[in-house]
Each structure stands twice: as structure tokens, then as C-alpha cells.
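The values are calculated or read from the model by the stated rules, or taken from the named source; none is laboratory data. Remember, it's a predicted structure, so these values are computed and weren't measured experimentally. We place every Cβ from the backbone using ideal geometry, glycine too, and count neighbours over all the protein chains shown.
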Amino acid sequence: PCFGKLCEELQQIMSCKATCNGPYDGKWSKTMFGFGPEDDHFVAELTYNYGVGEYHLGNDFLGLTLQSSQAVSNAKRLGWPLTEVAESLYLTQAPGGYPFYLVDKEQPPHDPVQKVCLGVSDLQKSTHYWNTLLGMKVIDKNEEKKTVLMGFADTQCKLELQDISGTVDHGTAFGRIAFACPREQLPDLEALMKKENQKILTPLVSLDTPGKATVEVVIFSDPDGHEICFVGDEAFRQLSMVDPKGNELLDKAMAEDKSDEWFAKHNKQKAAA
């Protein structure tokens, strides 16, 4: 199912004080997808950059794991490529090559998204950053697989760090991990990062949304350059309300997409999905 809001296209990304879209400075739009409200579900943000026909994947994002026998059944029915990597565990790829792991078990009553895995070059250093500085608790360690599983709460999607024994390459398709927390915690988080000489990509800033809430955001970068965004929860709740017309708005936006005309005008080949 599709939940969340469909954001309006922004004419120039440079107007966004939180560098919303990384190195892409043209028009873009985004859609939020999840299995429930953002208050208690993991939500993926899909961004479409107008005029960008392809991306280079790095080794920073190693996969998203979700538990849903229905997802496995859907993939088989639609002929979507699946590779069984373990008992009841399948690897598949979203368009563009993004890896997804599907657990062939009944979807749980809570969020079926179990974890997001990021590649790191030094597991001990990264664990210290996410555990000691950001406050995530260590849930499990696997010496053989060189992984550490962490989370802020048992009921939430977990973060898995995996040592890739090499440099982390973010390619051109990288994203960021975002968390909502009480607004009053943001200044202390920023102060801690300054004290520890950690990289701050965007100092604490207020983002105005016409007709809606003003949210406060601070964005950090971990030892391998993974971007981490913390946003004030109180205002963010107003912006992240489930839109009952989410599917309808998405279909309308795709129907009105004029990217084919843009590629033809600029004599460029549009990548097929």
C-alpha cells in the first residue's frame, strides 16, 4: 500500500536550506511509501530528479529487509526476479538495482520493515558513532558476518552496519537516514557533534512550509559519509499525516509527467524502468 504525502515539485533545489536533494540542483519531486503512518512505521522516500536518466550505485546501501509472504507471492506472480539466499529469505532488486530482502513469512501486525543495512569501512568506529554519540542501542553482533544490529526501540525498524573491508562508495544514487525526535533534543545533538569534532552537513535550521508547520532540522555525516537527518518531531507530525488521496495523487503526477519531452528536447536517452 502507498501512504504519505506527494510533495509538490520544487523549481530550484538551492532554495532548500537543508540541501534536500544532494548534488542535484534541478526540478524534483518525491513520494513517501510505507506500510503505515510515519509515527510508527519506516517510510521510504522515493525522489525523482527531472532530467536524470541513470545513477551509479555505490556500496553504501546494502539492502532493506521486510517480512511479507504476500510480497514474495506478488513477485513470483509478476515474474519479478527472486534469488533464494537462505531458507525463507529472498533477494530481489528494485528498478535501478537497489537490493531488497524479502522474508517469506506472514506479515507481522506491526511494521514489516525489519532493517536497513549500510556498508561501513570500520565497524568499531561506526558502532561507536551510532551507539555512543547518537544513542542507538546495540541489539546484536555477528563476528562472522561482520555486522552490528542497532535500534532506538525494539518495535522500530533497525539499522544494520556491515563492515565491507574497504572504502565506502556512495555513487550518485545515495540517500540519507532520517529520524524524528523531540525538538528540544536537536540543539544538544548539534552541540555534542561540535564537541566531538564530527561533521555537520547542515547546522540546525528552520524550514518553512507555506501553509503548514515550520520544522527544525540538523544533518550530520558519519565516519563513512552516510548522511543522518534529525527533525523535530512535534512539527514533523503535522507534515507527515497520511494523505487518503496518496495513490490518486501519485497516479495523477505520473500521468502528467513530461520527462519524455525534456529528454527529447535535450537529445538525451531516458532510462527505461
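From the list Thr65, Thr83, Thr47, Thr19, exactly one residue is polar (S, T, N, Q), modelled with pLDDT of 75 or more and within 30 Å of Glu256 (Cα to Cα). Which is it?
Checking each option against the conditions leaves just Thr47.
Among the listed residues His41, His56, which satisfies the condition of being surrounded by fewer than 15 Cβ atoms within 10 Å (Cβ to Cβ), of a type outside the set (D, E, K, R) and modelled with pLDDT of 80 or more?
Values: His41 fails: surrounded by fewer than 15 Cβ atoms within 10 Å (Cβ to Cβ).
Step by step, each of His41, His56 is checked, and only His56 is surrounded by fewer than 15 Cβ atoms within 10 Å (Cβ to Cβ), of a type outside the set (D, E, K, R) and modelled with pLDDT of 80 or more.
Criterion first (at pLDDT 95 or above, surrounded by 18 or more Cβ atoms within 10 Å (Cβ to Cβ) and assigned to a strand (DSSP E or B)) does Leu118 satisfy it? Write out each step before concluding.
Details: at pLDDT 95 or above: yes; surrounded by 18 or more Cβ atoms within 10 Å (Cβ to Cβ): yes; assigned to a strand (DSSP E or B): yes.
Taking the combined requirement at face value, the residue satisfies it.
Answer with yes or no whether Gly225 is touching a strand residue (DSSP E or B) at 6+ places or on another chain (Cβ under 7 Å), surrounded by 14 or more Cβ atoms within 10 Å (Cβ to Cβ) and of a type outside the set (A, V, I, L, M).
Here the answer is no, as Gly225 does not meet what is asked.
Of all residues in segment 153-204 being β-branched (Val, Ile, Thr), touching a Gly at 6+ places or on another chain (Cβ under 9 Å) and at pLDDT 95 or above, which is farthest from Ile219 (Cα to Cα)?
Here is the first cut: in segment 153-204, the residues β-branched (Val, Ile, Thr) are 155, 164, 167-168, 172, 177, 200, 202.
Still in the list and also touching a Gly at 6+ places or on another chain (Cβ under 9 Å): 164, 168, 172.
Still in the running and at pLDDT 95 or above: 164, 168.
Details: Ile164: 24, Val168: 19 Å.
Per the stated criteria, the residue is Ile164.
For Thr92, only one of the following conditions fails: (1) over 23 Å from Ser165 (Cβ atoms); (2) part of a loop (DSSP other than H, G, I, E, B); (3) out of contact with any Cys (no Cβ under 9 Å at 6 or more places or on another chain). What is its number?
Here Thr92 meets the rest and fails (2).
Arg176 versus (1) surrounded by fewer than 17 Cβ atoms within 10 Å (Cβ to Cβ); (2) over 23 Å from Glu234 (Cα atoms): which is the lone unmet condition?
(2)
Quickly run through segment 225-273 and pick out the residues that are over 19 Å from Thr172 (Cβ atoms), in a loop (DSSP other than H, G, I, E, B) and charged (D, E, K, R).
Once the filter is applied, which keeps residues that are over 19 Å from Thr172 (Cβ atoms), in a loop (DSSP other than H, G, I, E, B) and charged (D, E, K, R), segment 225-273 yields Asp243, Lys245, Glu256, Asp257, Lys258.
Name the pairs whose Cβ atoms lie under 6 Å apart, with the first residue in segment 216-229 and within 16 Å of Asp60 (Cα to Cα), the second of a type in the set (Gly, Ala, Ser), and 6 or more positions between them or separate chains?
Listed by first residue and then by second, the contacts come to Pro223/Ser126; Asp224/Ser121; Glu227/Ser221.
State whether the residues of segment 258-265 include one that is touching a residue at least 24 places away in the same chain (Cβ under 8 Å), on the phi < 0 side of the Ramachandran plot and either in contact with a helix residue (DSSP H, G or I) (Cβ under 8 Å, 6 or more places away or on another chain) or exposed (fewer than 12 other Cβ atoms within 10 Å of the Cβ) (or both). Can you show your working first?
Going residue by residue through segment 258-265, those that are touching a residue at least 24 places away in the same chain (Cβ under 8 Å) are 259, 262-263.
Subset that is on the phi < 0 side of the Ramachandran plot: 259, 262-263.
Next cut, either in contact with a helix residue (DSSP H, G or I) (Cβ under 8 Å, 6 or more places away or on another chain) or exposed (fewer than 12 other Cβ atoms within 10 Å of the Cβ) (or both) only: none.
No, the conditions are met nowhere in segment 258-265.
Take Ile200 and decide whether it is of a type in the set (A, V, I, L, M), farther than 22 Å from Thr47 by Cα and outside any loop (DSSP other than H, G, I, E, B).
yes
Answer yes or no as to whether Val205 is assigned to a strand (DSSP E or B), crowded, with 19+ Cβ neighbours inside 10 Å and among the β-branched types (Val, Ile, Thr). Write out each step before concluding.
Values: assigned to a strand (DSSP E or B): yes; crowded, with 19+ Cβ neighbours inside 10 Å: no; among the β-branched types (Val, Ile, Thr): yes.
No; evaluated as a whole, the condition is false for this residue.
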